[in-house]
Amino acid sequence: MTTWLGGIIVAMTRVGMLAGMGLLALMAGLVVLQVLARNFADTGLPWADELARFSCIGLVYIAVPALAGRKIMVSVTILPDALPQAARRWMRLIADLATLCFSGLLLWGFAEFLPKAGKFLTPAMRLPNWVYYSLALAGSIMLALVVLYRVFRAFGGIDPTDDLGGAGEDPTVPSS
């Protein structure tokens, strides 16, 4: 059963995954363009390198909230798998609280960094740094919201992956 808030978070992470796929395609296309430009036109494309880096940073930060919500990030589960269900739930809650603290530190870092460095321009594309790091900031906010939702669900005694889909599940597709 999906709650209205779970539906919003699922939609938010789905948009993040779609944006991540677009950024991955853009990054791959830019790398190919750079190789072609260097090998056939004997010229470098600094703007393409910078845009590929922007795509890579954005891809990581935008895709992580969807992975965290579904618990399909890289994890070592040998110990939790050997424990009883109650201990497993506590370990999941502790991991979610640690992730929440991490996303809080990320947001605090952005709050300290962007006002100072945001006014400077990137070298090739001449973008303000706040634009360059905007996807990382958006992904950090999304990660905090997803994990906060998971923590509240866990404190309510509900499996936090029910709304957000388990490992490899798509919560918007009805199960058969």
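The values are calculated or read from the model by the stated rules, or taken from the named source; none is laboratory data. Small disclaimer: the values here were computed from a predicted structure and weren't measured. Cβ coordinates were reconstructed from backbone atoms using ideal geometry, including for glycine residues, and neighbour counts include every protein chain displayed.
Return the pair list, or none, for Cβ contacts closer than 9 Å from residues in segment 82-96 that are more than 14 Å from Gly157 (Cα to Cα) to residues that are surrounded by 12 or more Cβ atoms within 10 Å (Cβ to Cβ) and of a type in the set (Gly, Ala, Ser), at least 6 apart or on different chains.
From segment 82-96, the pairs are Asp96/Ala68; Asp96/Ala154.
Hey, can you tell me all the residues within segment 43-73 that are at pLDDT 90 or above, charged (D, E, K, R) and more than 22 Å from Arg126 (Cα to Cα)?
Matches in segment 43-73: none.
Of these, Val76, Val10, which one is farther than 30 Å from Met125 by Cα, aliphatic (A, V, I, L, M) and surrounded by 13 or more Cβ atoms within 10 Å (Cβ to Cβ)?
Val10
Evaluate segment 125-147: report whether one residue or more is among the aromatic types (Phe, Trp, Tyr), at pLDDT 90 or above, in a helix (DSSP H, G or I) and in contact with a Phe, Trp or Tyr (Cβ under 8 Å, 6 or more places away or on another chain).
Taking every residue of segment 125-147 in turn, none turns out to be among the aromatic types (Phe, Trp, Tyr), at pLDDT 90 or above, in a helix (DSSP H, G or I) and in contact with a Phe, Trp or Tyr (Cβ under 8 Å, 6 or more places away or on another chain).
When you look at Val15, is it of a type outside the set (Phe, Trp, Tyr), surrounded by 11 or more Cβ atoms within 10 Å (Cβ to Cβ) and free of Cβ contacts under 8 Å to residues at least 40 places away in the same chain, yes or no?
yes
Within segment 148-176, restricting attention to residues that are at pLDDT 80 or above and either among the small types (Gly, Ala, Ser) or part of a loop (DSSP other than H, G, I, E, B) (or both), which residue is farthest from Ser75 (Cα to Cα)?
Gly156
What is the residue count in segment 144-153 for residues that are buried (at least 18 other Cβ atoms within 10 Å of the Cβ) and farther than 20 Å from Trp108 by Cα?
Residues meeting the conditions: 2.
Does segment 79-88 contain any residue that is of a type outside the set (Asp, Glu) and under 24 Å from Val10 (Cβ atoms)?
Yes, some residue in segment 79-88 is of a type outside the set (Asp, Glu) and under 24 Å from Val10 (Cβ atoms).
Consider Arg88 against the criteria (1) surrounded by 14 or more Cβ atoms within 10 Å (Cβ to Cβ); (2) within 22 Å of Met142 (Cα to Cα); (3) at pLDDT below 90: it satisfies all of them except one. Which criterion is unmet?
(2)
Does at least one position in segment 68-83 carry a residue that is within 13 Å of the chain's Cα centre (by Cα) and small (Gly, Ala, Ser)?
yes
Suppose the filter is within 22 Å of the chain's Cα centre (by Cα) and either surrounded by 15 or more Cβ atoms within 10 Å (Cβ to Cβ) or on the phi > 0 side of the Ramachandran plot (or both); does Ile141 pass it?
So Ile141 fits the description; yes.
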